[in-house]
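The next block holds one structure in the form of structure tokens; read it before the comments.
The values are calculated or read from the model by the stated rules, or taken from the named source; none is laboratory data. Source: prediction; values computed, not measured. Methodologically, a virtual Cβ is constructed for each residue, glycine included, from the backbone with ideal geometry; neighbour enumeration extends over all protein chains shown. These accessible areas exclude ligands, DNA and RNA; they are computed on the full protein's heavy atoms, side chains included. Shrake-Rupley method; radii C 1.70, N 1.55, O 1.52, S 1.80 Å.
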Amino acid sequence: MMNTDTQTRYIAIAPLMAQLRARHVVTERDREVQAQLCRLLHVDRTGQITAEPVRFTAGLESRGIILIEPAGGGKTTAIRNVLQEFPALGTHPDTGAPPVSSRCRSKAPRPCAASCVPFCGKWA
């Protein structure tokens, strides 16, 4: 249990800590995830990347991205930030939510953990 002095200090710095946790520093890994996402999306006649996935196997399958690194390495955060900032994906007109999300459960043995981005296609 926290004593009064510790509790007072925590309360004083809590807003600053929340601001720091909300920040994201773009890294080379973020740029690589974005490049791989670009590779999976269709480019229209004007040269713009669309939310339509590139299809394989007679147009029936799309591909995904897998990002592997140890737990706590920032996989989910990196993917979430790339998806939120990716212009071609936009947001759902009714909810404002992004059209895809990042969540993949892996049964990989520790310490190897994986996050992946299954591409769900564009909004209907």
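Checked against (1) part of a helix (DSSP H, G or I); (2) within 14 Å of the chain's Cα centre (by Cα); (3) not β-branched (V, I, T), G73 passes all but a single condition, namely (1).
If I filter the stretch 29-45 for residues that are modelled with pLDDT under 85, of a type in the set (V, I, T) and part of a helix (DSSP H, G or I), do I get at least one hit?
Step one: filter the stretch 29-45 for residues modelled with pLDDT under 85, giving none.
Checking the stretch 29-45: not a single residue is modelled with pLDDT under 85, of a type in the set (V, I, T) and part of a helix (DSSP H, G or I).
When A22 is tested against the conditions (1) surrounded by 10 or more Cβ atoms within 10 Å (Cβ to Cβ); (2) closer than 23 Å to T95 by Cβ, the lone failure is (1). Restricting attention to the stretch 27-54 and to residues that are in contact (Cβ under 8 Å) with a residue 24 or more places away in the chain, out of contact with any Gly (no Cβ under 9 Å at 6 or more places or on another chain) and open to solvent by 40 Å² or more (accessible area, probe 1.4 Å), the residue that is farthest from E69 (Cα to Cα) turns out to be Q48. All conditions in (1) open to solvent by less than 60 Å² (accessible area, probe 1.4 Å); (2) modelled with pLDDT of 85 or more; (3) assigned to a loop (DSSP other than H, G, I, E, B) hold for H92, with the sole exception of (2).
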